[in-house]
Structures are given as structure tokens and as C-alpha cells.
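K.L.:
Please see the structure below; I have some questions.
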Amino acid sequence: MKRTRRAADKAGVELSDWEGEFIDSVSERIQTHGRAFADPDLGSPGQALSALQGRKLKEIAAKARGEAPKTRLRRRRSEP
């Protein structure tokens, strides 16, 4: 997370308020509790981030590198 913030600063990429708060709060929870999520069903006990937190951090890191955001396509449910 520190690396992501430094990369954004170095590249001159402005993170949104939400993204900055996300990085700060996740970092704080990892330092305090050893992981950033409370529900063990959200991630493996040995991992610091849940799957969704990891995905969001990857999106922020890609933004810091200047990459265009990837669009995620949702599949429609087939009607019965």
C-alpha cells in the first residue's frame, strides 16, 4: 500500500479522497489487527486483505501507473 501511494505521488497521479482514505484505513487495520477484514469468510486467515480489498488495491495501483481502468462485464442471468 505504501508502494502504491509512493507510485502515485511519483507519477503525479491524484488519488481521490476515497482512494486515499481506503489506503490509510486498510494500512491502519493491518498494523493493528494483522489483517484488514474482520469476517474470516472474506479471506484466508493468512492473508492481510480480503479478495475485494485486494482487487481495489490493484485498481488503485494501475491508476498510479497511468493505466486505463479495466471495465468489468457482468453476465446476464438467463431467463427461465
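K.L.:
Yes or no: the range 66-75 includes at least one residue that is among the acidic types (Asp, Glu), surrounded by 10 or more Cβ atoms within 10 Å (Cβ to Cβ) and either part of a loop (DSSP other than H, G, I, E, B) or at pLDDT 75 or above (or both). First the steps, then the outcome.
P.N.:
Let us first name the residues in the range 66-75 that are among the acidic types (Asp, Glu), namely 67.
This time we only want the ones that are surrounded by 10 or more Cβ atoms within 10 Å (Cβ to Cβ), so: 67.
Still in the list and also either part of a loop (DSSP other than H, G, I, E, B) or at pLDDT 75 or above (or both): 67.
Among the residues of the range 66-75, at least one is among the acidic types (Asp, Glu), surrounded by 10 or more Cβ atoms within 10 Å (Cβ to Cβ) and either part of a loop (DSSP other than H, G, I, E, B) or at pLDDT 75 or above (or both), which makes the answer yes.
K.L.:
Please indicate, with yes or no, whether at least one residue in the range 31-41 is modelled with pLDDT of 80 or more and in a helix (DSSP H, G or I).
P.N.:
Let us first name the residues in the range 31-41 that are modelled with pLDDT of 80 or more, namely 31-32.
Filter once more, keeping what is in a helix (DSSP H, G or I): 31-32.
So far as the range 31-41 goes, yes, one or more of its residues are modelled with pLDDT of 80 or more and in a helix (DSSP H, G or I).
K.L.:
Can you tell me which residue within the range 9-36, out of those that are of a type in the set (Asp, Glu) and open to solvent by less than 100 Å² (accessible area, probe 1.4 Å), is nearest to Ala61 (Cα to Cα)?
P.N.:
Of all residues in the range 9-36, those of a type in the set (Asp, Glu) come to 9, 14, 17, 19, 21, 24, 28.
From what's left, open to solvent by less than 100 Å² (accessible area, probe 1.4 Å): 19, 24.
Details: Glu19: 10, Asp24: 14 Å.
Within the range 9-36, the match that is nearest to Ala61 (Cα to Cα) is Glu19.
The values are calculated or read from the model by the stated rules, or taken from the named source; none is laboratory data. Owing to the predicted nature of the structure, the values given are computational and were not obtained by experimental measurement. Every residue, glycine as well, gets a Cβ built from its backbone with ideal geometry; the counts of neighbours run over all protein chains shown. What goes into the accessible areas is simple: the full protein's heavy atoms, side chains included, and nothing from ligands, DNA or RNA. Shrake-Rupley method; radii C 1.70, N 1.55, O 1.52, S 1.80 Å.
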